[in-house]
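Quick notes on the structure that follows.
The values are calculated or read from the model by the stated rules, or taken from the named source; none is laboratory data. Keep in mind it's a predicted model, so treat the numbers as computed, not measured. Using ideal geometry, Cβ is built from the backbone for each residue, glycine included, and neighbour counts are taken over all protein chains shown.
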Amino acid sequence: MKNLSKGIVAGVLIIVIVLAIGLYYYESYGYVRFYISDPGNNSYAQIYLTISSIMIHSTNKGWITVSNKTQTIALSSTPQLLTSTTIPSGNYTEVRFVVESVTIQLLNNINVSANLPSNVFKIAIPGGLLISPGRTTYVTISLGPHITETGNGEYILRPLIAVTTSNSPPS
């Protein structure tokens with residue numbers, strides 16, 4: 001009988017600890033989903049970005065790595081999910097994407113490499129981004145690519161970047 005009582009107490013204690021940890025996590029972290037889109041234009045057929053890292057800057061905690069997964073994205077006018085994760089609740093002011101490579105498919109279906117100055121997109125979030133505990137926030141990065149041909153067959157990508165945030169997924 002004593003062993004049964006000890007087992008019940010131990011079981012209840014484990015459940016309470018697990019619930020307390022879960023509640024702390026829920027009350028301390030929010031969810032963020034990053035999307036990317038390209039409104040497009042008629043001077044190229046497709047742009048491919050190989051992104052190796054996504055970071056977000058917290059006003060209290062500095063830079064937080066959101067993803068270190070290398071992925072190649074074919075930009076589209078339809079927002080595409082890049083990553084989804086939990087981050088500490090708080091205010092965030094900037095997003096940084098490390099871009100390993102840029103490939104442009106020209107209208108004649110020839111692929112060319114493009115240079116991206118600094119290989120990084122640094123994007124300020126106008127008004128900041130508040131991540132609330134237990135809630136999901138959606139961040140959409142819209143690239144208005146500005147592609148320049150240098151005259152010697154080289155291309156440079158200098159995008160015009162806009163950030164939107166919302167409490168519902170982009171459409």
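In the list SER76, SER101, SER142, which residue meets the criterion of being at pLDDT 95 or above, of a type in the set (Gly, Ala, Ser) and surrounded by 12 or more Cβ atoms within 10 Å (Cβ to Cβ)?
Exactly one residue qualifies, and that residue is SER101.
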Legend entry - Residue check for LEU107: in contact with a His (Cβ under 7 Å, 6 or more places away or on another chain) and at pLDDT below 90: no
Legend entry - In region 58-103, the residues that are of a type in the set (Val, Ile, Thr) and farther than 24 Å from GLY144 by Cβ: THR59, ILE64, THR65, THR70, THR85, THR86, ILE87
Legend entry - SER53 vs. criteria at pLDDT 95 or above, buried (at least 16 other Cβ atoms within 10 Å of the Cβ) and among the polar types (S, T, N, Q): yes
Inset, instruction - Just name the residue that is farthest from SER132 (Cα to Cα) out of those in region 74-101 that are touching a helix residue (DSSP H, G or I) at 6+ places or on another chain (Cβ under 9 Å) and β-branched (Val, Ile, Thr). - result: VAL99
Inset, instruction - Just give me the residues in region 35-47 being without any contact (Cβ under 8 Å) to a residue 60 or more places away in the chain and either within 18 Å of ILE123 (Cβ to Cβ) or in contact with a strand residue (DSSP E or B) (Cβ under 7 Å, 6 or more places away or on another chain) (or both), in sequence order. - result: GLN46
Legend entry - Qualifying strands (runs of 3 or more DSSP E) (wholly inside region 57-171; at least 3 residues being within 30 Å of SER28 (Cα to Cα) and under 15 Å from the mean Cα position of the chain (by Cα)): 62-67, 80-88, 90-105, 120-131, 136-144, 160-166
